[in-house]
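Presented below is the structure to which this report refers.
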Amino acid sequence: MTTLTISQAEEKRVKGLGFLSNKGTDNFSGRVITENGLITVEQAKKIVEAAEKYGNGYLALTSRLTIECQGIPFEQIDAFRNYLAEAGIETGGTGAKIRPVMSCKGSTCQYGLIDTFGLAKEIHDRFYTGMRNVTLPHKFKIAVGGCPNNCVKPDLNDVGIIGQFQPIVNQSACRHCKNCGVVKACAVGAMQLVDEKIEMDAQACLNCGICIGKCPFEAVVGGDRGYKIVIGGRWGKQVNRGHALKRIILNQKELLDTVEKIVNFYSDNGLPRERLAQTIERIGFDAVETVLLNDEKLR
C-alpha cells in the first residue's frame, strides 16, 4: 500500500500550477497548455521528452485540447516545468479562473468561416494569460467554433463564439428554378420557394453560408461575415445550453471587447461557486444582455 506524503496545502499549490494528483500516489499529471489546440513538431517532441524524462512515459489527451503527462513525482514538478519552458510551453489550466481556450480547426476546415486558430490565440493572450491573476466566482470556459456545425459545442461553454456568414436574398434575380440549388443546400429548411420565389426564414437560418454561391443567377449571395456569441452554457453534473446575444458582431475588436465585458460582468455579479449560467438565471438574461450590448461595462 502506497504511503502518501504530500500535504493538502502542497497538493493545492501545485494544482494551481496545473498538476493534478494521481490518486493513491505521490505522483501527478502535468497539464500542458495548448494556446489554441495547435503545437509545433518541436514542441510535441519536447512534451514527449518531458514525459519520458520526468513522468511514466504516458500522455493523456483531455477533452479541452490539453495534454497531460502522467506519473510525475512531486519533487520533479519544477524540473518538468523548466524543461518545457525551454520550448515556450507552460502548464496550468485549473482553478476559479479563465480556463484554456478550446478551438475547432475552422482555420483549415472546409466549413470554417473564421480563423479559429488566430482568434483563439488572441483570446488566450488577452484573457487566459492577461487575466491569469484574476480570480472569478468559479471556472470560466471559452470555446471558438468556426461555423454552426458546433464541433466544439460552443453553447455548452460560459462563452461560445460561432463563425457566421450571412446570406443575402435577391428575389429579382430568382428564375423560379423547380430544382433550386439553394433550397437543396439548406439543411435546416431556412431557404424555401414561396410563390416560385426564393425566401429566407431569418429565424431558422444558422448563417452557415452553405447556400451562398449555389444559385447560378446570384439570387443568394454572401453578406457579412461575423461572430455569434453564446453565453451561460455549462456541461457537467448540471447542463445548461447558452443564450445567444441577439446581435451578430462583425469585427474582432468588438468581439474581444464584448468577451471582456462578459468576464467583467461575471466578476462583479457572480456569487462564490456560482457558474455564469446561474448568474444569468438569477439576474435574468434580458437584463444581462442589455448590459453587455453597451459600452458602460467595458469602461
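FYI, it's all coordinate maths here, none of it is from the lab. None of these values were measured; they are calculated from a predicted model. Glycine gets a Cβ as well: all are built from the backbone with ideal geometry, and neighbour counts include every protein chain shown.
In summary, the stretch 114-262 shows an alpha-carbon radius of gyration equal to 1.23 times the 2.2 N^0.38 Å reference for compact globular proteins.
Residue order for Ile162, Ile280, fewest other beta carbons within 10 angstrom first, comes to Ile280, Ile162. Amide H contacts for Leu136 (H built 1.01 Å from N in the peptide plane; partners 5 or more residues away or on another chain; cut-off under 5 Å): Lys97.
Dividing the alpha-carbon Rg of the stretch 8-85 by 2.2 N^0.38 Å yields what? Can you show the working numbers first?
Working: Rg = 11.8 Å, N = 78, 2.2 N^0.38 = 11.5 Å.
Relative to the rule-of-thumb radius for its length, the stretch 8-85 sits at 1.03.
Taking a straight Cα-Cα cut-off under 19 Å and skipping sequence neighbours fewer than 8 places away in the same chain, the aspartates and glutamates within cross-link reach of Lys121 are Glu35, Glu42, Glu90, Asp158, Glu254, Asp257, Glu260. Size descriptors for the stretch 178-236 (Cα atoms only): Rg and Dmax, in that order, 14.0, 48 Å. In this structure, the residue pairs whose Cα-Cα separation is over 31 Å, taken from Lys197/Lys246; Lys15/Lys261; Lys153/Lys253; Lys214/Lys261; Lys139/Lys184, are Lys214/Lys261; Lys139/Lys184.
Counting only residues at least eight positions apart within a chain, or on another chain, the aspartates and glutamates with an alpha carbon under 13 Å from that of Lys23 are Glu11.
Ordering Lys253, Lys214 from the fewest to the most neighbouring beta carbons within 10 Å gives Lys253, Lys214. Seen from a random direction on average, the alpha-carbon convex hull of the chain projects onto 18.9 square nanometres. Rg then Dmax, both in Å and based on the Cα atoms of the stretch 158-210: 12.5, 45. In summary, the stretch 1-152 shows an alpha-carbon radius of gyration equal to 1.10 times the 2.2 N^0.38 Å reference for compact globular proteins.
Residues Ile123, Ile229, Ile210 in ascending order of nearby Cβ atoms (within 10 Å, fewest first): Ile210, Ile229, Ile123.
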